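The values are calculated or read from the model by the stated rules, or taken from the named source; none is laboratory data. Because the structure is predicted, anything quoted here is derived from the model rather than measured. Here the Cβ positions follow ideal geometry from the backbone for every residue, glycine too, while neighbour counts run over all protein chains shown.
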Amino acid sequence: MDLLNTLLHTVASQCPCGYKVNTTAFNSTTSSIVTFTSALETDFLHVYTLPDYSTSTESRMAEFGWRVQTYNVSPTLARGPYGKTALKENVQVNPLRSIYDWGGQEGIHGGDPGLQITVGSKNELVEIGDSGQYMIPMGELAMIREDVLYGSFRIGIKMSKISGTCAAFFWVSGIHR
């Protein structure tokens, strides 16, 4: 923890720019100010299209900061009767009608505005070829940046009313030291 504090204080003293957050150190009642030099903030109430990563420029992708995931996990690897398949069409934007509005109305496709990530039910299983193995269709979004080690993460999320549905925000750094 001392190395982290030294690093963060060095950044704070060397760079007057950035974002300051009050923090309390582990096992301590004293607080300190931590400075982060970059931010990724996405207002999904006003995102009107998701970038197409097969045709978008690097700068457009970096500006948006997120990528729709597409992959499969077999039932064996999922350790259950079903696998999962992350599909692009299960991640949809439903922005507010006007860039000047901040709520109180439906999105342009009706219903609640914002990013909508859907998960299928047992009635919508996808068969893997002719194997007799099935996957549950789902949606997932991942951050493009892979260089973030520390940060302050916040999300506003509306949970589903449907029993058995899981919604979550995970932060896992792929950087190993």
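Look at the range 154-177: where a residue is modelled with pLDDT of 70 or more and a partner is β-branched (V, I, T) and assigned to a loop (DSSP other than H, G, I, E, B), sitting 6+ places away or on another chain with Cβ atoms under 8 Å, you get M159/T165; T165/V119; C166/V119; A167/I157; F169/I155; F169/I157. When G151 is tested against the conditions (1) modelled with pLDDT under 75; (2) loosely packed, with under 11 Cβ neighbours inside 10 Å; (3) not aliphatic (A, V, I, L, M), the lone failure is (2). The residue list A25, A39 contains one member that is at pLDDT 75 or above, touching a strand residue (DSSP E or B) at 6+ places or on another chain (Cβ under 7 Å) and of a type in the set (G, A, S), which is A39.
At least 3 residues being among the hydrophobic types (A, V, I, L, M, F, W, C) is the threshold, and among the strands (runs of 3 or more DSSP E) wholly inside the range 96-177 those reaching it are 134-138, 141-143. The set of residues from the range 60-75 being in contact with a strand residue (DSSP E or B) (Cβ under 8 Å, 6 or more places away or on another chain) and outside any strand (DSSP E or B) comprises M61, G65, Q69, T70, S74, P75.
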